[in-house]
1. Residue by residue through segment 88-102, which ³J(HN,Hα) values in whole Hz follow from phi under the Karplus form 6.51 cos²θ - 1.76 cosθ + 1.60 (θ = phi - 60°), with glycine and proline marked x?
2. Among 62, 112, 96, whose mean-square fluctuation peaks in a Gaussian network model of the chain (Cα, cutoff 10 Å)?
3. Which angle from 0 to 90°, rounded to the nearest 10, does the C-alpha axis of helix 3-36 make with the longest principal axis of the chain?
4. Any idea what the relative contact order of the chain is, in percent, if you count C-alpha pairs under 8 Å spaced at least 6 apart?
5. Calculate the radius of gyration of the Cα atoms of segment 28-128 to one decimal place, then report Dmax, the largest Cα-Cα distance, as a whole number, both in Å.
6. Between segment 9-61 and segment 99-161, how far is it from one alpha carbon centroid to the other, in angstrom?
7. Compute the longest continuous run of the chain that contains no exposed GluC sites (Glu not before Pro); treat a site as exposed when its DSSP state is not H, G, I, E or B and it has at most 15 other Cβ atoms within 10 Å.
8. So I have (1) 15.8, 43; (2) 17.9, 61; (3) 16.0, 50, and one of them is Rg and Dmax of the Cα atoms in Å calculated from this model. Which one is it?
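What follows is calculated from the coordinates using simple rules that are stated; it is not laboratory data. Predicted model, so just to flag it, every value in this text is computed and none were measured. All Cβ positions, glycine included, derive from the backbone under ideal geometry; neighbour counts span all protein chains shown.
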Amino acid sequence: MKPTTAISLGLFAAWAVHDAEELVTMAPTSRRVFRQLPDFLPIPQSLRERGLSQKHVNVSLGLMAVPVALSAVAGVKTNGKSPWFRGGLLAFGVHGFTHLLSSVATRSYTTGVATAPVVVLPYWFIARRVLQQHGVEGSTRGVIATALAAIPLTAGVHVISAALLREDSLGPARELDNRFAPRRPKQC
């Protein structure tokens, strides 16, 4: 297998491993994280109070799998030269840093932070190096534009999930024991 094929397929593989963590942790952590976000952010009160449901997470991750898989296929077909693949790669790598920053900002576990430093970022660094070794240009305007398109794509995935699920998109109305709540140090 050519190195460019391996890293192209690796995008979907790394995404799948990373999103397995998100599949398990996003719903239970979302309520706490949404409550900690600044009030000026336009987040509906119901979402702040209830977070995301597991159904919403399942649908959203399923929807996002499509463009990620197609991006990986574009990379295979073009030996990593496709702006769609390279933009997806850039977006995936940068988003790994957002997971780290969100945990620092909340001073607690946030979904995706466990696999960001051990899967997302190492894969991204290796893939970039392999592309450079095979003469593939870095981040051109088209690549950056494609990566930036991941922002409205992600928002759109969540909007579609919410529209499909309606009330089932929100987490439970009652307070649940949160396995992922930050632990407070014991006072002496």
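1. With coefficients 6.51, -1.76 and 1.60, one gets x, 4, 4, 4, 4, x, 4, 5, x, 5, 5, 5, 5, 5, 5 Hz.
2. 62
3. 10 degrees
4. Details: 228 pairs, mean separation 64.4, N = 188.
It comes to 34 percent, rounded to a whole number.
5. Here Rg and the maximum Cα pair distance are 15.9, 46 Å.
6. 16 Å
7. On the way: sites that count: 137, 175.
So the longest stretch without any such site is 1-136.
8. Computing Rg and Dmax of the Cα atoms in Å and matching it to (1) 15.8, 43; (2) 17.9, 61; (3) 16.0, 50 gives (2).
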